[in-house]
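Written below as structure tokens is the structure these notes are about.
The values are calculated or read from the model by the stated rules, or taken from the named source; none is laboratory data. Keep in mind the model is a prediction, meaning the values are calculated, not measured. Cβ atoms come from the backbone with ideal geometry, glycine included; neighbour counts cover every protein chain shown. The area values use the complete protein model at the heavy-atom level, side chains included, leaving out ligands, DNA and RNA. Shrake-Rupley method; radii C 1.70, N 1.55, O 1.52, S 1.80 Å.
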Amino acid sequence: MDQAQDRIDHGTAYRRIFSERSDDEVRTLARIKRFLERVMGDDRFRDALKANVDDPRPVAASIGVDLDPRLMRPLWQHGYTHLRFAKADPAYPLSILWDRYIGQMLAHRDFLKSQACTHGVNPRFDAWRERQILRTSSECGLSGGSITHPLVAYELSDGCSVGCWFCGISADKFKGNFAYTEANVGLWCGVQETMVELFGDAAQSAFCYWATDPMDNPDYARFIDDVWRITGYLPQTTTAAPLRDPARTREIIAMFEDHGSITNRFSILTRTILERVHEEFTPDELMGVELVLQNKEALMIKAPAGKARERAETLKARGEDPKLSLLQGDHSTIACVSGFLVNMVKGTVQMITPTRPTPRWKNGYKILGTRFFDSVPSYRRAIESLLDAATVELHGELPVRLRPDLQVEDTENGFAMFTRSVRHECKASFHFDLKDLLLSGEHTYGSILESLVGRGEDVLVVDQVLEDLFLNGLLMEDVDLREAGAGSPGASVARFTSSQPAAS
């Protein structure tokens, strides 16, 4: 593959969202975006708008926005974020402009969901990932449809210095960084090259944070530049510390202006930080940055996972108000990867996939297995071992049990399995017998096949119905049927090492 050509072609659709608009139109969008950030994140700004509803122009001017908010009234007065929920009234041209932009951004998000498919380079992984996508679409509520299921997340630190109380993946305290030394760079670049060899262009579906913050590692920009050089893609940056070193933040923003293919994100922890970010960075600088408004005044629901879940449970046990309003709705997880979580400091790689938080999977993702590596060859063996262990097809000893979150009801021609977001119907002639076997929770694929065929059913039809349940992610994953293993809940653990010392 011609990497230089790939750099030019990859992300063209994203960049066209901006390049096909005039400079004035992009400038206007940047100011609409800033106005809406204050609407969503600043209660005092919302109060000022209510007090000046007839002429809110002075309120907009107070944050440096030289637009007439009356021309986008549906976006703020009625709580709309775009016109999919309102009539496209020509009296509100700024609302129409914003709606078109948001529609393109949502389409790009849907594109990202297909980005991690290897398109046959690694069919075993593709089969496993597609099943996870279908499972999460029904299991994870409102989160399910927005999860893009990237291939891999890399951690360039051990722990995080920010310490958000609501961290949905329970980041530990910061313990150290993966330094940009000669040995580490060799390992890092080897890891990137291995992912390209094993997964092709899907290796571009990656980012370099998880339970970490990019700004903790002073060499972060150099690491993601290596990813760009090897894969042809610049990984997205999400940070909760954009003001720690504004010059470094601008360096990263500039990298994306040069060859970015995705929107970056700043997590906003307090209203004061929101105000300071708006003071430090112009609307034009932040046009390619989404502000994730996590402050208490924001109109945003937090996922009931990780530390947020633990805090709510602790307060409730004490008889105190757990502030459950922050956790209401059906936003279940912030985890997004269906693939691999790699920590370069500890030399670990895990195979993970999102799920609704449970006492076992409190951080909102399942861990199928954990491997250790200390060299490029051992990293490759670790990835291949995890792929070998992943269940991608039915076999005789595989337990066949419906997911416990599914509701089951009889229908006129069979039975239905459903959640709030997805409904799946089984209309096979043997549906009553099959439903009883599934609900018993005591059978394997082989025993169900044997039972129904023994009653005179066609083996091919029975096999097709069971495979349909399996491929649509309606059956429990085998990791949920196993007892918790050593090291991580439900995870098989193995160590792959070489005779060479680990790079650290």
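Descriptive notes on the structure:
- Solvent-accessible area per residue for the chain (1.4 angstrom probe, square angstrom): 44 Å²
- Computed from phi, the 3J(HN,Hα) profile of the stretch 211-217 under the Karplus parametrisation 6.51, -1.76, 1.60 (θ = phi - 60°) reads 8, 8, 10, x, 6, 6, 9 Hz, with x in place of Gly and Pro.
- FRET efficiency estimate (nearest 0.05) - Cβ-Cβ, Asp468 to Lys346, R0 51 angstrom: 0.80
- Listed residues Ser161, Ser375, Ser385 arranged by accessible area, highest first, probe 1.4 Å: Ser161, Ser385, Ser375
- Close amide H pairs (under 5 Å, H built 1.01 Å from N) link Tyr365 with Thr355, residues at least 5 positions away or on another chain.
- Cβ-defined net charge surrounding Arg495, 14 Å radius [Lys, Arg +1; Asp, Glu -1]: +2
- Per-residue ³J(HN,Hα) for the stretch 466-482, Karplus 6.51 cos²θ - 1.76 cosθ + 1.60, θ = phi - 60°, Hz, x for Gly and Pro: 5, 5, 4, 4, 5, 5, 8, x, 8, 9, 4, 6, 4, 5, 7, 9, 9
- A simple charge model with +1 on the Cβ of Lys and Arg, -1 on the Cβ of Asp and Glu and nothing else charged puts the dipole of the chain at about 1400 debye relative to its Cα centre.
- Surface composition of the chain: carbon plus sulfur atoms contribute 51% of the solvent-accessible area (1.4 Å probe, protein chains only, all chains present).
- Only DSSP H runs of four or more residues enter the estimate; each adds -39500 (n - 2.57), and after division by the residues of the chain the mean residue ellipticity at 222 nm equals -13000 deg cm²/dmol.
- Heavy atoms of Leu341: accessible area, 1.4 Å probe, square angstrom to 10: 10 Å²
- Prolate/oblate/rounded label for the stretch 180-224 (Cα gyration tensor, a/c 1.5): oblate
- Dipole of the chain computed with +1 at Lys/Arg Cβ and -1 at Asp/Glu Cβ about the Cα centre; of Ala202, Val408, Thr272, farthest Cα towards the positive end is Thr272.
- Full-extension gain in nm, Asp47 to Glu193, via 0.36 nm per residue minus C-alpha separation: 47.3 nm
- Shape class of the stretch 16-63 from the Cα gyration tensor (axes a ≥ b ≥ c, square roots of the eigenvalues): prolate, since a/c reaches 1.5 or more and a/b is larger than b/c.
- DSSP-defined antiparallel bridges as percent of all bridges, the chain, nearest 5: 55 percent
- Answer label, with Kirkwood radius over Cα pairs in Å calculated from the coordinates and candidates (1) 24.1; (2) 24.8; (3) 23.3: (2)
- Accessible area of Ser205 in the full protein assembly, 1.4 Å probe (Å², nearest 10): 0 Å²
- Amide H partners (placed H, <5 Å) of Thr444, local residues excluded: Val400
- Percent RCO, i.e. relative contact order, over the chain, from Cα pairs under 8 Å lying at least 6 residues apart: 16 percent
- Other residues within the sphere of radius under 14 Å centred on the Cβ of Arg271, judged by their own Cβ, net out at -2 (K and R +1, D and E -1).
- Pairs from the table (Lys113/Lys366; Lys175/Lys362; Lys33/Lys362; Lys113/Lys346; Lys113/Lys435) lying more than 25 angstrom apart at Cα are Lys33/Lys362; Lys113/Lys346; Lys113/Lys435.
- In Hz, Karplus ³J(HN,Hα) per residue of the stretch 278-291 (6.51, -1.76, 1.60; θ = phi - 60°; x = Gly, Pro): 5, 6, 7, 10, 6, x, 5, 5, 9, 4, x, 10, 8, 8
- Between Leu142 and Ser62, the FRET efficiency from the beta-carbon distance, with R0 = 25 Å, is close to 0.15.
- Shape of the stretch 180-276, Cα gyration tensor, a/c cut at 1.5: prolate
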